[in-house]
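The values are calculated or read from the model by the stated rules, or taken from the named source; none is laboratory data. Keep in mind that what you see is a predicted model, and the values were worked out from it rather than measured. Don't worry about glycine lacking a Cβ; one is built from the backbone with ideal geometry, like all the others, and counts go over all protein chains shown. Remember, those area values only see protein heavy atoms, side chains included, never the ligands or the DNA or RNA. Shrake-Rupley method; radii C 1.70, N 1.55, O 1.52, S 1.80 Å.
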There are 2 protein chains.
Amino acid sequence: MPTARERVRAELTSEITDAARRQLAEVGAAALSLRAVAREVGMVSSAVYRYFPSRDDLLTRLIIDGYDALGAAAEAADDPAAPPRRRWLAVCRAVRGWALAHPHEYALLYGSPVPGYSAPRDTVPAAARVAVVLGRILGDAARAGDLPAGTGERDPALVSDEALAVLGGDHPAIDEDVRVRALLAWSALYGTISFELFGHFTGSVEDGDRYFDRAMTDLAGLIGLRAR
Amino acid sequence: MPTARERVRAELTSEITDAARRQLAEVGAAALSLRAVAREVGMVSSAVYRYFPSRDDLLTRLIIDGYDALGAAAEAADDPAAPPRRRWLAVCRAVRGWALAHPHEYALLYGSPVPGYSAPRDTVPAAARVAVVLGRILGDAARAGDLPAGTGERDPALVSDEALAVLGGDHPAIDEDVRVRALLAWSALYGTISFELFGHFTGSVEDGDRYFDRAMTDLAGLIGLRAR
DNA sequence: TCGCAGACGAGAGCACCGCTCTCGCCATCC
DNA sequence: GGATGGCGAGAGCGGTGCTCTCGTCTGCGA
């Protein structure tokens with residue numbers, strides 16, 4: 001059982017991350033100031049360094065939390081009983097909805113990397129949650145016969161085994177071609193959301209909701225997900 | 001004709017932007033410091049404010065220059081005599097090549113927006129150059145009969161007239177459906193490049209060059225560009 | 001041709017930043 | 001009960017963007 005000291009330490013740590021998350025949502029990652037976070041929790045700035053060795057470590061904590069929140073939103077939106085094309089669309093909508101609700105957090109996750117280009121390894125499992133959801137949809141669709149049959153051919157140096165395993169599990173009926181197109185659709189999903197959020201669609205896309213649905217439906221077709 | 005004072009002013013202005021571009025390439029936009037730029041050109045920091053009213057204005061200048069350089073690369077890679085699918089692939093490769101050669105500049109253009117969310121209006125024409133190239137390929141393909149025939153139906157509130165005009169010109173044979181899918185392919189191109197550059201493909205895509213070619217070919221198929 | 005407005009560079013200064021170090025305080029463990 | 005070590009506060013360092021003032025010198029109009 002944790003001692004009193006450990007308990008208050010954990011409590012203060014989460015109090016700091018909460019304040020940091022609030023500031024991130026307000027001013028964005030670039031303007032997030034460790035000193036301002038310290039002020040908000042009633043500490044002097046140097047005291048925060050007892051809990052986070054640097055501002056970048058605090059940001060890393062926020063990144064992991066962000067991936068987890070986004071992954072949870074995607075998982076909650078997936079109804080395994082629904083037809084695969086509808087599941088794909090629902091998850092895409094959930095990802096976009098989360099991004100629109102948390103633009104600065106999304107930018108922290110999928111915009112320019114903030115700390116000197118080194119994405120910490122700890123973020124990987126949390127970041128994979130959305131991909132795992134999409135992969136499960138693919139696998140279920142293959143089991144139900146809602147994916148085009150493949151030739152079973154494999155290009156061993158193109159995509160890693162782990163990624164292929166995530167994108168549809170070990171179901172042998174899914175062609176590598178389909179899995180690679182799923183990878184493309186996955187990044188296209190984020191390309192679409194990023195363009196909308198970062199303003200590259202201003203002046204061209206007028207109805208964001210309907211354009212997004214159409215684009216994601218086209219992507220479902222590209223993967224080969226049958227409408228059923 | 002310009003006076004001596006105007007000449008030296010223009011010269012110093014470009015000297016500042018050159019130094020800023022060098023620093024951008026080295027440390028990235030987030031760490032770009034106006035004072036360091038001033039040091040590099042042998043000025044005191046306050047003197048730079050005679051030329052750029054703020055650090056963000058200096059960044060805006062770099063953004064416009066970046067869009068222009070990227071647009072020029074795309075235009076140079078387009079051979080109007082080649083078959084449309086090959087043209088599409090060549091332009092995509094040129095965009096990716098420029099991004100890999102100038103990662104920080106690309107991040108400045110297509111990553112998280114740096115100044116408080118307000119993309120200056122001046123950047124729009126420069127930013128559109130790549131889209132114009134892709135649109136010209138679409139228009140030429142339609143003229144040559146390399147695009148599927150459309151029904152001519154139109155959804156007036158979905159995408160702006162200007163964007164539709166860019167994506168294939170006034171050629172009536174291009175369906176709105178095709179133009180919307182071209183918009184999707186355009187953002188998917190940037191989604192793919194961003195994922196590669198920002199590290200979201202580490203652990204999954206192993207051969208970046210070949211994956212990119214395959215993805216862009218799939219996108220050409222999505223648009224409907226015939227191989228010929 | 002002369003004089004003055006205005007452009008210009010330098011310097012000091014303000015408020016803020018990330019981060020380090022030292023110094024008392026107090027809970028915890030031997 | 002005393003030593004240890006975690007903790008918060010404070011001062012301080014070098015850096016940042018930006019503002020203001022003050023001499024200087026250029027170039028245009030009278």
**Item:** Residues satisfying the stated conditions in segment B:1-42, i.e. of a type in the set (V, I, T), within 13 Å of DNA strand C (Cβ to nearest atom) and in a helix (DSSP H, G or I)
**Value:** B:V8, B:T13, B:I16, B:V37
**Message:** Please go through segment B:43-63 and give me each residue that is more than 10 Å from DNA strand D (Cβ to nearest atom), outside any loop (DSSP other than H, G, I, E, B) and not charged (D, E, K, R), ordered by number.
**Reply:** B:T60, B:L62, B:I63
**Message:** Out of the residues in segment A:206-222 meeting the condition of being within 7 Å of chain B (Cβ to nearest Cβ) and in contact with a Ser or Thr (Cβ under 9 Å, 6 or more places away or on another chain), tell me which one is surrounded by the fewest Cβ atoms within 10 Å (Cβ to Cβ).
**Reply:** A:E206
**Message:** For segment A:14-47, give me each residue that is within 24 Å of A:R121 (Cβ to Cβ) and more than 24 Å from the chain's Cα centre (by Cα).
**Reply:** A:L34
**Asked** Can you name the residue in segment A:43-66 that is within 14 Å of another protein chain (Cβ to nearest Cβ) and more than 13 Å from A:H104 (Cα to Cα) and, of all such residues, is farthest from DNA strand C (Cβ to nearest atom)?
**Response** A:T60
**Prompt:** With respect to B:A141, is the statement that it is surrounded by 23 or more Cβ atoms within 10 Å (Cβ to Cβ) and more than 13 Å from chain A (Cβ to nearest Cβ) true?
**Reply:** yes
**Message:** Go through (1) open to solvent by 10 Å² or more (accessible area, probe 1.4 Å); (2) within 10 Å of chain A (Cβ to nearest Cβ) for B:A188 and report which single condition fails.
**Reply:** (1)
**Prompt:** Can you pull out the residues in segment B:195-205 that are surrounded by 17 or more Cβ atoms within 10 Å (Cβ to Cβ) and facing another protein chain (nearest Cβ under 7 Å)?
**Reply:** B:F195, B:F198, B:S204, B:V205
**Prompt:** Looking at segment A:67-86, which of the residues that are more than 14 Å from chain B (Cβ to nearest Cβ), open to solvent by less than 40 Å² (accessible area, probe 1.4 Å) and not small (G, A, S) is farthest from DNA strand C (Cβ to nearest atom)?
**Reply:** A:P83
**Message:** Going by what's in this entry, would B:A157 be described as touching an Asp or Glu at 6+ places or on another chain (Cβ under 6 Å), within 14 Å of chain A (Cβ to nearest Cβ) and open to solvent by 30 Å² or more (accessible area, probe 1.4 Å)?
**Reply:** yes
